[in-house]
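Here the structure is laid out as C-alpha cells; the discussion comes afterwards.
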Number of protein chains: 2
Amino acid sequence: MKKIGIGLLGLGTVGQGVANIISNPTDRHPLVEELELIGVSVRNLQKKRDISLPDSIFTTDPIEVVNNPNIQIIVEVMGGIEPAKSLIIQAIRAGKSVVTANKAVIARYGEEIANEAKAAGVYVLIEAAVGGGIPIIEPLKQSLGGNQITKVSGIINGTTNYILSRMDKEGVNYADVLKDAQQLGYAESDPAADVEGSDAADKIAILSGLAFGGPITRADIPTKGINLLEAIDVNYARKLGYGIKLLAISEKENSQSKSKESQPLSIWVEPTLVPENNPLAGVNGVNNAILVEGNPIGRVMFFGPGAGSGPTASAVVADILNIAGIQSMSEDKPFNLDPLLSAKSWKKCHVAHQKEITKKNYIRLIAEDTPGVIGEIGTIFGKKKISIESIVQFDASDSEAEIVVITHKIKLGQLDQALSDIKNLSQVKRIAATMGCL
Amino acid sequence: MKKIGIGLLGLGTVGQGVANIISNPTDRHPLVEELELIGVSVRNLQKKRDISLPDSIFTTDPIEVVNNPNIQIIVEVMGGIEPAKSLIIQAIRAGKSVVTANKAVIARYGEEIANEAKAAGVYVLIEAAVGGGIPIIEPLKQSLGGNQITKVSGIINGTTNYILSRMDKEGVNYADVLKDAQQLGYAESDPAADVEGSDAADKIAILSGLAFGGPITRADIPTKGINLLEAIDVNYARKLGYGIKLLAISEKENSQSKSKESQPLSIWVEPTLVPENNPLAGVNGVNNAILVEGNPIGRVMFFGPGAGSGPTASAVVADILNIAGIQSMSEDKPFNLDPLLSAKSWKKCHVAHQKEITKKNYIRLIAEDTPGVIGEIGTIFGKKKISIESIVQFDASDSEAEIVVITHKIKLGQLDQALSDIKNLSQVKRIAATMGCL
C-alpha cells in the first residue's frame, strides 16, 4: 500500500500530539503506519519544540504544504478564523481532504466549506472541533443515523466546568476560582471565549447541524456565560437538589415539521440547574459530556476529556484514519463520496425565536420580607398560565428576603411578561438572577 | 440512487425495531430512505406481530432470504448459535454483507467469520452485539484507532446491573430482587446467561479483540456472576466507599509486547468494587457503560441503554447505514474493503494465565473474635509481599468476627498462596467471599 501523505498547518500542542501519534505507530491501528508526515507549516522555524521532526519538512509558508503533490490530507490545527478558513478552502480546491479542529471556522463557515468539499469530491472532517477526544461527531454522523434525534445537551467547555465544579464543591466565588484556574493553565489569560459562552455556542452550532440535518446561523444562538454567576445561586441550587453546569442545548419542538419547512430548534447556552440524578450532574472538572436523545435509542451519553493535546490529537487522527481507510479502498479516483462521512445537510433548520424557546427556569428575586409577597408572585405566574415547580423563601437579612422560583417548562415569552409584572410589585426590589433548569 | 435491499433473519423485538426504522425514514439520516426491506424469515407466519409488513416478503425459509438476488445486506437477529452461524457464513459466501446482533456467535466464531468475510470481500458489522444502542464497536474500530488502548472496563449486562442497583439501594437479597426482575421482564425465566456472567464474557471477548487487535479464546475468560453475591458484601463495600458492579475487564500488561509475540491480556468477569468517584459507579439500573483507556486519549466513557428493541435496532441500522454508505460510493464492485470497517485482526492476543492476572482484591473472612487475628492475617499477606490497602473488622456476632481485606494490585497467584496459608490459621473459619476491586 502506498503511504498516505499528511500535511500539518500549525504545530502547537494539538499539532505536536498528532505528529507524536504518526511517529509512534506501535500498538495503534495498523493504518497509522501507512501515514507519513510530509510537510509542516509553522510561524517560527526557530521555536523550541518537544518533538523532533526532520528539518526538511518544515516551512513557514502554509501554501507550500497545501499545494504539495505528495500530500493527500491537510490537517489544519492553527486555530483562529483567518488565515485558517482560506487555507481550508484552498486545500479543498487543490483536491485534498481536510481534517480540522477549528470550531470557530466550522461554526461560522461550515456550510460554505461543506459545499466546496462536495464540489471538489473531498472530505472535511471535524471530530476534534467538539469535545476534545470524545467521539461525538462520528457517532452523530454514523452510529446514530437511524434515529430521529430530539435533543442534544452538552457540557462542552472544560474551563467553565472546572470553575463551576470548584464553586459547587468549595462554595467559593467565580472570580477567585478563575484566578486559580488561570494559574493552573485551565483558563487562558483572556478567558472571554470560555467564560462568556462563545466557545460552547460554536460547538452546539456544529452539533445541532449534524444532529438535525441542517446548518443553523451561529449568530442567532442566545448565549450567557458563567461570568455573572454568583456563589449564592450555586448554594441555593444545591439546597434544592441541583448542581449548576454551563450547558449548551439544542432541542427540536415536539411537533414533527413538514419536510419542506425549516425546522425550528430551541438552542441556547446558559448556566443551567441539573438535577442530581441526571447523568450530566456527575461530570466534573475539565471533563466534557454530551447527552444525545432520540427515537428509538432513548438516551446515550459520551464522556471524556474535553481538551488537551493528547485527546484532541486522538480525534484528529481518527478523522485522518477515516479518510485514509476510504482512500485505501481504490487507487482509482474519483468515486462518489460516502454520504455518511461527507455529512451534507439534508434539511432546513433555524434557531427558534427567543420568545418561543421552551424550558424550565430558575429565578431569584430580592423582596421585602413581608407576609403575602410569595402569594402575590404566585398569583402573577398563575395569571400568565405559568406552572410552578417550587417557590422557596431564603432569608437574606432582617428586612430582605430572597425568593427562588423554579417553573415547569414554559415559553420564554410567557416568562418575560410575568417577570415584567413582578418587577412592578412594590415589595419586589429586583430580579437578581435567571437561569435554565433541566 | 438504486435502493439497497435488506433481508431480515428473525422478526423478534430487535427485528421489529429495525423494520420500524426502515419503514419510517422521516427525520432520520436520508440514507435510511434508500433502504428497502425485501425479505423476512420467521419461524411462524401466523404469529401476531405489532408491525404491519406486506405478506409477500415473509418466508419460513431463511435460505430464501440469504440467496435473494435483490438483497445486498443480510441482518441476522434470530439469536442462538445455530442455525445463525451457518446462515451468516452462507450469506457471506453469497457475497452479501452481514449485520448481526449475535454476541454468542461473534464471541466464539468471530475470527472464522472475519476470514470468510475478507475472502468474499464483504463486511460483517456487529455494533448491536455489545451495549445495545451505545456506539462502542464503531468508536473502538474507528474513532479511537489512533490510540494505544490499555484497558476496557464495562458494565455490559443490564439485567445484573438492575439487580445490583436494587441490592445496593435497598439492602435486599439477590434472590428477592431476581424474582422481581423476572416479573418486570428485566430478567429471563432462565437467567443463567446473565447472572452467571456468560453474556458479559461474550461481550468482553468481542471488545478485547477490537481494542487490542487480536481475537482471544472465549472459553479462556475467567467468569464469575452475581448469583453467589451476598447482601452483606454489598453492605460492607458501601461502608468502605465502594459500590458493587458486575464488571467485565480487559487490560494490557504494562510492558509493550514485541510485535511478534502474543499479547497477554488480563481479562475477567466478576462482581467488582467500584470506588464512588469512578464514572462507572453512577451507572445504575438497566443502563450499560464502557470505559476505554488509552494513550493519548486518557479515558472516555460511553453510556446508555444496554438492551431493548429500540436501542438495539438503532445499532443494527447504524451498521446497515455504514455498509449502504460505502456501497453508494461506486456501482463497480469489487474494490478493496475499508480496513477500519472490516476490522481484521492485526496482532496475536491471549488471555493471561489466571495466576498472572493483576488486580486489587476484596476478601471477606470469618474468624474467631480473638485479639491478634488481624495481626496474623497481616503477617501472612506481608510474607507473600502483598500490600494491603485496608483491613477492617466488622463484628458479626459474639464469637465470630468478619474481617474484610482490600489489597493493592497484586497477581492472583500471590493471593491464592496467601489465602491458602490464611485458611490454615486456627482462628480462621472460612473465606466467605473474594471479589475484584477497582
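The values are calculated or read from the model by the stated rules, or taken from the named source; none is laboratory data. Keep in mind the model is a prediction, meaning the values are calculated, not measured. Methodologically, a virtual Cβ is constructed for each residue, glycine included, from the backbone with ideal geometry; neighbour enumeration extends over all protein chains shown.
Let's see how each residue does on (1) buried (at least 17 other Cβ atoms within 10 Å of the Cβ); (2) in a loop (DSSP other than H, G, I, E, B); (3) touching a helix residue (DSSP H, G or I) at 6+ places or on another chain (Cβ under 8 Å):
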position: B:GLN182; (1), (2), (3): no, no, no
position: B:ILE206; (1), (2), (3): yes, no, yes
position: B:ASP233; (1), (2), (3): yes, no, no
position: B:ALA237; (1), (2), (3): yes, no, no
position: B:SER266; (1), (2), (3): yes, no, yes
Tell me, please, whether a residue that is in contact with a strand residue (DSSP E or B) (Cβ under 6 Å, 6 or more places away or on another chain), surrounded by fewer than 20 Cβ atoms within 10 Å (Cβ to Cβ) and not in a helix (DSSP H, G or I) can be found in region A:151-172. yes
Counting only residues that are in contact with a helix residue (DSSP H, G or I) (Cβ under 7 Å, 6 or more places away or on another chain) and of a type outside the set (Val, Ile, Thr), which one in region A:368-384 is surrounded by the fewest Cβ atoms within 10 Å (Cβ to Cβ)? A:LYS384
Pairs returned, first residue in region B:318-331 that is in contact (Cβ under 8 Å) with a residue 12 or more places away in the chain, second residue that is assigned to a loop (DSSP other than H, G, I, E, B) and acidic (Asp, Glu), beta-carbon separation under 8 angstrom, 6 or more apart or interchain, are B:GLY325/A:ASP338; B:ILE326/A:ASP338; B:ILE326/B:ASP338; B:SER328/A:ASP338
Being charged (D, E, K, R) and within 15 Å of A:ASP338 (Cα to Cα) is the filter here; which residues of region B:294-332 pass it? B:ASP319, B:GLU331, B:ASP332
Top-ranked residue in region A:386-399 [being surrounded by 13 or more Cβ atoms within 10 Å (Cβ to Cβ) and free of Cβ contacts under 8 Å to residues at least 60 places away in the same chain; ranked as nearest to A:THR358 (Cα to Cα)]: A:ILE386
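Quick grid of which residues meet (1) surrounded by 23 or more Cβ atoms within 10 Å (Cβ to Cβ); (2) of a type outside the set (Ser, Thr, Tyr); (3) in contact (Cβ under 8 Å) with a residue 60 or more places away in the chain:
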| residue | (1), (2), (3) |
| --- | --- |
| A:PHE58 | no, yes, no |
| A:VAL66 | yes, yes, no |
| A:ILE74 | yes, yes, yes |
| A:GLY79 | no, yes, yes |
| A:PRO83 | no, yes, no |
| A:SER86 | no, no, no |
| A:ILE89 | no, yes, no |
| A:ILE92 | yes, yes, no |
Please count how many residues of region A:1-17 are in a loop (DSSP other than H, G, I, E, B) and at pLDDT below 95. 4
Among residues of region A:210-248, those that are more than 14 Å from chain B (Cβ to nearest Cβ), touching a strand residue (DSSP E or B) at 6+ places or on another chain (Cβ under 6 Å) and of a type in the set (A, V, I, L, M), counted: 10
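Would you confirm whether any residue within region A:380-399 is over 29 Å from A:PRO222 (Cα atoms) and at pLDDT 90 or above? Give the steps one after another, and end with the answer.
Step one: filter region A:380-399 for residues over 29 Å from A:PRO222 (Cα atoms), giving A:393-399.
Filter once more, keeping what is at pLDDT 90 or above: A:393.
Yes: one or more hits.
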Some residue of region B:137-148 being farther than 21 Å from B:PRO311 by Cβ, surrounded by 24 or more Cβ atoms within 10 Å (Cβ to Cβ) and of a type in the set (S, T, N, Q): yes
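Please return the ranges of helices (runs of 4 or more DSSP H) entirely within region A:22-124 where 2 or more residues are among the basic types (Lys, Arg). Show your work before the answer.
Working: elements: A:62-67, A:84-93, A:103-120.
Once the helices (runs of 4 or more DSSP H) in region A:22-124 are filtered for at least 2 residues that are among the basic types (Lys, Arg), what remains is A:84-93, A:103-120.
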Whether any residue in region B:160-167 is under 20 Å from B:ILE267 (Cβ atoms) and of a type in the set (Phe, Trp, Tyr) is what I want to check. no
